[in-house]
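Notes follow the structure.
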Amino acid sequence: MLGFSENPAINWAVLGLLLLGLEMFTGTFVVLFFAIGAFLTALITWMVVVESMPLQIVVFTVLSAGILFYFRDKIRIGVKGRNNELKGDVGTAVTIESDVASGGQTEVQYQGVRWIAVNETGQTLFKGSAAKVAQVDGVKLILK
């Protein structure tokens with residue numbers, strides 16, 4: 001049975017772990033900031049800086065929101081910067097590793113990494129043939 005510990009620091013740490021696990025499924029980075037807030041609240045509670053539960057909740061909320069608003073734009077700028085770097089890859093040829101119908105997806109090896117490639121050429125691409133990257137959309141290469 002899932003229960004609470006008498007030590008609130010442990011409860012905050014467990015909440016942080018649960019939120020970290022949830023972040024792995026969402027991949028949005030938003031839940032990550034709340035997990036960090038929970039870990040910091042666990043540390044502050046463990047150091048007996050804050051004893052009352054209402055005050056712990058305030059600390060958690062302020063820390064999580066503060067971390068979220070401080071780092072959110074920095075992460076967003078970093079991701080946009082990486083996508084701009086990849087725009088230079090438009091026009092590069094990739095080798096098709098398995099037959100893929102028009103509108104279908106396959107994986108290709110590109111720059112030493114496996115990518116999802118979407119066939120938007122209007123025709124079937126056959127194994128061993130080359131296709132050009134028309135666009136980079138997140139983790140997908142759009143082939144035309």
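Note on the stretch 118-144: among residues that are surrounded by 13 or more Cβ atoms within 10 Å (Cβ to Cβ) and charged (D, E, K, R), the one that is nearest to T28 (Cα to Cα) is K140.
From the list E97, E120, E85, the lone residue that is at pLDDT below 85 and either within 22 Å of the chain's Cα centre (by Cα) or of a type outside the set (S, T, N, Q) (or both) is E85.
In summary, F4 fulfils each of the numbered conditions (1) in contact with a helix residue (DSSP H, G or I) (Cβ under 6 Å, 6 or more places away or on another chain); (2) assigned to a helix (DSSP H, G or I) with the single exception of condition (2).
Looking at V59, V50, V31, which one is within 16 Å of G16 (Cβ to Cβ), touching a Ser or Thr at 6+ places or on another chain (Cβ under 6 Å) and among the β-branched types (V, I, T)?
V59
Condition check ((1) closer than 10 Å to W12 by Cα; (2) without any contact (Cβ under 8 Å) to a residue 12 or more places away in the chain; (3) part of a loop (DSSP other than H, G, I, E, B)) across all residues:
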site: F25; (1), (2), (3): no, yes, no
site: A35; (1), (2), (3): yes, no, no
site: A38; (1), (2), (3): yes, no, no
site: V50; (1), (2), (3): no, yes, yes
site: P54; (1), (2), (3): no, yes, no
site: V62; (1), (2), (3): no, yes, no
site: L68; (1), (2), (3): no, no, no
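Filtering the stretch 106-117 down to residues that are surrounded by 12 or more Cβ atoms within 10 Å (Cβ to Cβ) and over 11 Å from V94 (Cα atoms), which residue is nearest to the chain's Cα centre (by Cα)? Across the stretch 106-117, the extreme among qualifying residues is I116.
The values are calculated or read from the model by the stated rules, or taken from the named source; none is laboratory data. Treat the numbers as computed from the prediction; the structure is a model and nothing was measured. Glycine also receives a Cβ, built like all others from the backbone with ideal geometry; neighbour counts cover every protein chain displayed.
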